Structure formats: C-alpha cells, structure tokens
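Undergrad: Would you mind keeping the following structure in view while I ask a few things?
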C-alpha cells in the first residue's frame, strides 16, 4: 500500500474513527485512502476552524482523538485558533497536514510555507514524515502523543510524495501512555493542610477533576473537611446537574475572582493551576489567590485527578456519601421579552437528560450556567482558550462523538460569526444539535473591557468597532442558507415553544434569540 | 501620550489611512487611540481572514499599507492564510497584533501564545515592541518594512502594557526604501539574448511588470523583437483591457503550462521567477520552462520592472508605439442557461470602465478572463498564494482604496465560504462591490485534481469530501443575512439583467449565479 493508505490503516488500528476534513490537492491521496479503507468516517467542514474545533469537541467527549485533514500551512493556519482552544482544553487531536512533495518544496510554488512552523505554536507535538514507510510510524507516534494524558494536540506533516509512494505498511499501535499518578507524600501533604487549616478552605478543580467520578470524591472530601469546591472559570468539560456534586465557578473578571478567593486560607489545586486574570489590566493584579494563603498543588491537569482525589478522601477517612450533592430543580421562568435571566431559566428547565451543552454564549449567557445547576444531569463545555469561534464546531464534535445525546450550543452572535460555516456541517451530517444564537448585536464584552482598561467616554469610532449593528445580522437567513432550519424569538414564550419543538426532534435546528 | 497613541500618530504621519480591525480586550488601548486620533479610519471585520485579506486588496490598489488590528496569537492565526496570499502578492501590509502585558505572559493565562512564532511563517518582518517609547519607533520601522519594494508583510506585536503606558511620543517616518534598479549589464544581457535569438522568444511578466506603464514598455520590446508577452498564472494586479498592451496568461495545470512554453528558446523574466507547477504530481515535472531554453532574469519582483523594461526597450531602439495593443470588443453572449462561457461574455460586455476585478472564481470562472481581454480598461486581481478565501476580502480592500471605482468580485462558492463574513463589512461600509457567486455546488477543482494525482474511480466517501451539495448552499440567504441585497440567476438573460442593475447602483450587491 502507499504511504497514505498505510497511515490511515494505522490510525484505524489505533482507534481513530472520525476524520474532520477540509482537504486540497496535496491531500488527495489521503482522501482516496479514507475512501478505500473502511473504518474512518470523513466529515467535511467548509472552513478549517470548523474542522479543528470539531476535533476538539470530539476529543472532549470521546476521550480519544479524531483526525483532522488540513491543506498545507495556510489551511492549518485557518485551524490554529481552535487548536489553541483544544490545547488549553487538553483535548486529544491528531492533525494530518498535507504538504508539497519534498522535491517540490525548493521551487517555492505559490502555496509553499513553513507548515511545521505554523503548527508549532499551537501543537504539543509536531513531526514531518520522512518517507512513505515512516509515515505510518509517525501516525502511530502521533496517536500516542495525542493520548498523552488527558490529551494533546499532535500535528503530523505529510509530504505528498510520501503519501503516494508505494511500499509502505501499517505500523503497530504504541502502548498507551500511562496516567501519571500523584505521589503519596503529595496526597498526605494535602490531607495535612486540610486537617490543620483553621480558616476557610477550598478545593480548586479543573480538567478531569470535573468529571462526575472525580467530583464524587471531591464531595466526600468536602463532607470530611468542610472545604468548598470551586472550579476554573472555563472548564473543558464538566459533568453536573441534579444528583451530582455541585461546584462553584470562579468569576471571569479578575477583581471579582480575587474577591471571591480572598478569605481562603488553604486552597488545594486538582487538575488546575492557581488561577490568574484572563487579561492584564493597568493597576490590577494578575495573580488571584490570596498572597498569604497556603496553596497545595495536589494534581496538575496532566496527573491523575481521580486517583489523587480518591486517595485524599481515603487519607481523610471521608464518609462514603459526598456533601454538596445538587438537588434537582430550576428557577421559575419569567414571562415577557427575552433577557439573559429568563433565557437561562428556560434552558435550565428544558435541558434534556444527559444533554451536552457547548457554551460560547459570553455575556448574554452568563445566567444560564448558574440557573442550570439543578437541571437534569448534563455535560457543560466552555471556551477554554479564549479564541472565539469555538462553540459551534465543538458542538459538531460532541454530536459526532455522542450521537444518542442531544447537544445544545449556546452561542453569542459575535463569536458565532467566526465559524458560522459550522452550520453547514450540522446540516450535512444531520447532527442532533440545537443552536441558540444570543443576538445582542454587539461584542458586548468589549464594551465592558474598554472601560476596564481605562478608556473613558469612547467615541463613535471606538464604539463602531464593538458593535454588530448596522447592519444587524440575520441569523435565521444565515442558518437557512446553510441548510439548518431556523426561527427567531423575542419573548420567553416564543423561546419556550421553539426550544421545546427543537428538542423534540432529531437533527439540527437554530433559534435566534434576540436579547 | 501613551504607547498606543504614539504608535497610531506615527503610522498616520507615515501615511497609513485605514485600519482593518478585529480587536479584543488586549487591543482596547489601540481602539481608543484610533478613536481619539483622527486620520486613520477603522473598518471592522467579523473574522480576521476578512481583515488581512482586505489589507492585501488595499495594498494592491493603493501601493501603500493599511494596518490590521488583530487579537493575540489566535486572532493572528485566523488571518494567516490571507497574509500568505498577501505575501505572495508582495502587498504592503502592517499587522498590529495585541498581546498580553509583558508581566502577564509568564502566568500562562488562557489566551497566552507565541504570537511572534505564529507571525513568523507568513511575515517578511516581525518585531515585538520593547517599551511604550519603543512602540512608535517600531511602528515607523514596520511602515518602512511594509514598503520594501513592491510591498511586504510587517507584523508588529504590541504588549498591552506598552500600549497603555504614558510618556511615549510619535516617531519620525523613516526614509522610504529605494526601488532596486536593475544593473545595466543585466539589461544588455537581456537585449543581447533577444537580438541573437533565432527561435521563439518571450517576456515572462509578473508583479509590477503587469501595470500599464510597464506593459507599454513590454509592448515596445515586442514591437522591436517579435517577443511574445506571457504573464504568471496568478498576478496580484494586472492592468488590462482595450487600448492596453495585451498579455497571454500561463495555464494553471503544469503539463499545459510546460506545453505552452515548450517551443520558446529565449525567455526573459521580469518581475517574476521562472514558473513551476502549482502542486507536484506523480511522474510530472515541477519545472515548466524548456530545459534547453535560454532563461534571463531581467528583474526580480523586488527590482524595478518598469525601469528595466524601459532600459531594455531603449537598448533595443524599440519604436515608440507598442505592439500587441488590445483592440476593444467582447464576444457575443449566448442565450440560455448559465454556463462558464456566457457568464464570461456577460461580465466582459458589462464591465464598467476602470473597474477592479477580484477573481477567485476558480474553474467556473476560467472563461471570464480571456473573454474580457477587450473589455473596457480595468484591473484584474487573482489568488496569488492559493490559500482560498481571498476574493471577497480583497474586494473590500480594493473598494476602500478606490471608492470611485466599481469592484466586481468573481467568487467560487467553495472558496467564498471561507470568508463569507466579508459580506457584512461590505454592507456596513456600503462598499461599491458587486459579488457574483459562481455556485456549482462543488470543490470542482478537486474533482479534477483527484484524477491528476492518480486516484481512479473514487468512491462515495471521497466524492462527498469534494461536494458542496447536500445541503445546497443558498447564497442569497447568506448574503441577505449579512445585509447585502442578493438575487439568484440561472440564465444568461437573468444574469444580464441582474448585473446591469447592480452596476447601475452604488453599494454592495450579490448575484448568485447557478452554473
């Protein structure tokens, strides 16, 4: 078989099932190999940011990588922003990046670029295949790199001649990387810190510590010690809802976050680093933990959070039953024109059991998260890296990974426009995604940030750069143009009806909520 | 003034008039500086590929840079593909890339990335400002770097604390870089080659050699020597039409291009390197010039093509009047359902005097270029770097640079989807751009390329990755959703009516042509 076929067969044997693709001429051999070798399903995206964001969402839900198929350095460039988010989410992703044939590179044809250079800043692992026989070996290595616990972005650059040259063969999968365990003395140090603490104490949780099994252990620790449970502001995937151990979420703005943490004397970090402000601001601190608090790093995001929390609970002789178990129930819905509050209440009330929420709703969606705390059990995914345009692609990946679960994308208008092409893939694959566009006609967060960085009385030129009006975006038209049925709502009753209807049907729907 | 204000004032003094912007929190001081310092007009794009592509189009038409305003490494990443195209076009562009405050970087906040690393592969010049006082100095240097003849991509990374720190001052503009002249002995070598040639000879033209003044000199050389005039396949900007010296365009596919060139014994290169195939293919050569031809590099794209051609014409005692002057006239329009031929004829017949064409029409638009040879004089811009999604943004930039000229964007459907957000900016700025979407429901070029790389009998999985059907894209809906009036046409008569109407009005219009 040729190099492309050997690579695809290798990835299939490793366990890859999905390839989110936006190929070009230099990837045609890989397209042919996906065609002729059963077992990996290609899914077309009309823009590379959709492709890489979908791989991120898939990785978060499947805990194993999808492949992407990208067209040289520029195609990879288009996918970088969502690879940045994937890397911050510690999602497993394998990028397959076609490049010119090795002997063609020195001619500097128009599409020539430094593909490895483009990949570097947003990858945990980069490799350029050296031959058609090396290509499947590199593929097996890429899979292992992507599975570096809990997940990593592996980028494999594939010169076209290595893809089309015959005489290659599939490579054996590597042994899976082990999940690094936390040393016992670190567990004992955390236990001692909690036991000896006289003031307020907290577990600060992130990454895999936000899965239900790990939260159960955290809840046991809370029962034993009275520690509060707080999570990072932008978790990759959090299992929550009625019956699960509930966690408080750190506020976004630095000064609010610092105020939130200021009274803690002991903080144990599990699957997360001590939080810092998202941006720097003049005269405001970046570091958010109290300067004199005792900070104990129990587990980094690349260590076994579940094991560490279980060991800590045992070391504390924690009771079997966790504290902080969330009671079922959601707030009442206020009638009238839509706003952030009744939107949040409606979503919480209607959220189906075992739903997956992709949350890039930004300011207009802030109420939805707290209001859905007691909703039916569900997964909540957020914008991990701050590179907007993640929400719709991540919803695609989640729907592909979990075809039997309803996916709800809560999407702000400004960030939704970055990867609006995602709607087309939802339509083509008939993915079970309901998208709610929160249309406030503004990069609303930037109006807040403008004053926070010290700009007073902004003029019309500044404000024009933060406004999405003139013209107003018509998401119903955009969505229908890409094949996703859509409806616009302006009141609580209309949203309730539209969301009820969308959730009752399989397949993609879009609701434009005017806020 | 603070660093941001000093930078903006410096760029204004250098001559920057436009800033295509997609800012975030780390760029708020720059937004404020654009607001308070008159003279630079900010234009919002809803995606960074729109921003950088618009700067490319502006640079091609204005021959000086616009600034872009981009949000850290991920925002820059979204703009990389069109920076790749801009660099291949040798367009002057200045990227202003906000980054975290210097003291915030080590905290590794979620949006932290290696911005300079992201910039490197697609920039000719990269600099990270070192202080608020250094920032305007770096801005002046960036302007000079962008003006490196005929144009270059300069990327300036701006730590937020340098932008907000007071005590800076505007920097003086640098002297403009000189245009490198071609040495006399090179001119004489080219003259001797043309005079002594017994077989077929050609001037192979690219870059600035495709402006009307340079083509006039090339036409004089043709008159003196009988040389044919051939241009690179993807010129950045070509001045053509009735009354101008006409140039043949090298075919796209390598074997056709090699066949086209095979009988030439002498080729003089002006503003272009010897052509190579766009991609490598198994068993096909990359190098397209005949192996035994005499190749003379008169001027690289970074040397003075006009001066070199003028000197060469004088050295040949060429007549004052050029040969190969294009007669006016366009082919008749065939009635009936739309196809590539009657679409080309309609566009040629209706093209307004002094129009600017942004051509990313790909396969369905191939006939339009030759059919418009004798149309009213106009500029023709193409996809220089092969990174699709350039056409609509470049049209924005051209319309901003030349508000009194009609811009016609000929846009394939597949590539148009990459940066469809460009339509919104056309609507907001009420740019005088008529877009024709050539909707064939396919990445048609890839169906051709699949067989050219040796894939026979592709199956349904392969073909699904090359098809834009299921669902069909409805560009009228997409366009209207972003505020640009749109109409769909399926016959020659309908296109004639729609295009006549669009060209008769100022402001953005979109025509979806079903091919």
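The values are calculated or read from the model by the stated rules, or taken from the named source; none is laboratory data. Please read all numbers here as calculations on a predicted model, not as lab measurements. Here the Cβ is made from the backbone with ideal geometry for all residues, glycine too, and neighbour counts use every protein chain on show.
Undergrad: Considering each of B:84, B:71 in turn, give the residue that is out of contact with any strand residue (DSSP E or B) (no Cβ under 7 Å at 6 or more places or on another chain) and within 9 Å of chain A (Cβ to nearest Cβ).
TA: Answer to the check: B:84.
Undergrad: On to the next question. Quick one: would you say residue A:98 is under 21 Å from residue A:21 (Cβ atoms), over 24 Å from the mean Cα position of the chain (by Cα) and buried (at least 24 other Cβ atoms within 10 Å of the Cβ)?
TA: yes
Undergrad: Ok, one more. Suppose we keep only residues that are out of contact with any strand residue (DSSP E or B) (no Cβ under 9 Å at 6 or more places or on another chain) and farther than 29 Å from residue A:48 by Cα within the stretch B:368-393. Which one would you say is surrounded by the fewest Cβ atoms within 10 Å (Cβ to Cβ)?
TA: B:374
Undergrad: Among the residues of the stretch B:38-61, which ones are more than 18 Å from residue B:92 (Cα to Cα) and crowded, with 24+ Cβ neighbours inside 10 Å? So that I can check it myself, show each step before the final result.
TA: The initial filter retains those residues of the stretch B:38-61 that are more than 18 Å from residue B:92 (Cα to Cα), namely B:38-39, B:44-47.
Of everything in the stretch B:38-61, those that are more than 18 Å from residue B:92 (Cα to Cα) and crowded, with 24+ Cβ neighbours inside 10 Å turn out to be B:45, B:46, B:47.
Undergrad: Then there is this: Out of A:310, A:363, I need the residue that is part of a helix (DSSP H, G or I) and within 20 Å of the chain's Cα centre (by Cα). Which one?
TA: Only one candidate passes the filter, namely A:363.
Undergrad: A follow-up question, please. Quick one: which helices (runs of 4 or more DSSP H) lie wholly within the stretch A:158-235 and hold at least 2 residues that are more than 30 Å from residue A:136 (Cβ to Cβ)?
TA: Ranges flagged: A:184-196, A:212-225.
Undergrad: When the residues of the stretch B:394-416 are filtered to those that are surrounded by 24 or more Cβ atoms within 10 Å (Cβ to Cβ) and more than 17 Å from the chain's Cα centre (by Cα), which remaining residue is farthest from residue B:440 (Cα to Cα)?
TA: B:414
Undergrad: Right, next: Of everything in the stretch A:172-193, what is in contact with a helix residue (DSSP H, G or I) (Cβ under 9 Å, 6 or more places away or on another chain) and either buried (at least 21 other Cβ atoms within 10 Å of the Cβ) or closer than 30 Å to residue A:8 by Cβ (or both)? Give them in sequence order.
TA: If the condition is that a residue be in contact with a helix residue (DSSP H, G or I) (Cβ under 9 Å, 6 or more places away or on another chain) and either buried (at least 21 other Cβ atoms within 10 Å of the Cβ) or closer than 30 Å to residue A:8 by Cβ (or both), then A:172, A:173, A:174, A:175, A:176, A:177, A:179, A:182, A:187, A:190, A:191 are the ones that fit.
Undergrad: Additional query: Can you pull out the residues in the stretch B:99-146 that are in a loop (DSSP other than H, G, I, E, B) and away from chain A (no Cβ under 14 Å)?
TA: B:129, B:130, B:131, B:133
Undergrad: Does residue B:468 qualify as being at pLDDT below 95 and surrounded by fewer than 22 Cβ atoms within 10 Å (Cβ to Cβ)?
TA: Against the criterion (at pLDDT below 95 and surrounded by fewer than 22 Cβ atoms within 10 Å (Cβ to Cβ)), residue B:468 qualifies.
Results for (1) buried (at least 20 other Cβ atoms within 10 Å of the Cβ); (2) under 25 Å from residue B:262 (Cβ atoms), shown as yes or no for each residue.
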site: B:284; (1), (2): no, yes
site: B:290; (1), (2): no, yes
site: B:295; (1), (2): no, yes
site: B:302; (1), (2): no, no
site: B:307; (1), (2): no, no
site: B:314; (1), (2): no, no
site: B:322; (1), (2): yes, no
site: B:330; (1), (2): yes, no
site: B:335; (1), (2): no, no
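Undergrad: At the interface with chain B (Cβ under 10 Å from one of its Cβ atoms), farther than 30 Å from residue A:41 by Cβ and modelled with pLDDT of 95 or more: does that describe residue A:455?
TA: Answer is no for this residue.
Undergrad: Does the stretch A:264-287 contain at least one residue that is part of a helix (DSSP H, G or I), under 23 Å from residue A:57 (Cβ atoms) and more than 14 Å from chain B (Cβ to nearest Cβ)?
TA: No, that holds for no residue.
Undergrad: Can residue A:46 be described as in contact with a helix residue (DSSP H, G or I) (Cβ under 6 Å, 6 or more places away or on another chain), at negative phi and either in a loop (DSSP other than H, G, I, E, B) or facing chain B (nearest Cβ under 8 Å) (or both)?
TA: yes
Undergrad: Let me ask something else. What number of residues within the stretch A:250-263 satisfy the criterion of being within 14 Å of chain B (Cβ to nearest Cβ) and part of a loop (DSSP other than H, G, I, E, B)?
TA: Number of matching residues: 3.
Undergrad: A further question follows. Return yes when residue B:431 is within 8 Å of another protein chain (Cβ to nearest Cβ), touching a residue at least 40 places away in the same chain (Cβ under 8 Å), over 24 Å from residue A:77 (Cα atoms) and assigned to a loop (DSSP other than H, G, I, E, B) and no when it is not. Steps first, answer last, please.
TA: Working: within 8 Å of another protein chain (Cβ to nearest Cβ): no; touching a residue at least 40 places away in the same chain (Cβ under 8 Å): yes; over 24 Å from residue A:77 (Cα atoms): yes; assigned to a loop (DSSP other than H, G, I, E, B): yes.
No, not satisfied.
Undergrad: Name the single residue that is surrounded by the most Cβ atoms within 10 Å (Cβ to Cβ) among those in the stretch A:4-24 being out of contact with any strand residue (DSSP E or B) (no Cβ under 8 Å at 6 or more places or on another chain) and assigned to a helix (DSSP H, G or I).
TA: Restricting attention to the stretch A:4-24, the residues satisfying the condition of being out of contact with any strand residue (DSSP E or B) (no Cβ under 8 Å at 6 or more places or on another chain) are A:5-6, A:8-10, A:12-15.
Now restrict to residues that are assigned to a helix (DSSP H, G or I): A:5-6, A:8-10, A:12-14.
Values: A:5: 25, A:6: 27, A:8: 30, A:9: 21, A:10: 25, A:12: 18, A:13: 17, A:14: 24.
Per the stated criteria, the residue is A:8.
Undergrad: Scan the stretch A:434-446 for residues that are more than 10 Å from every other protein chain (Cβ to nearest Cβ) and either crowded, with 21+ Cβ neighbours inside 10 Å or on the phi < 0 side of the Ramachandran plot (or both) and report the count.
TA: 9
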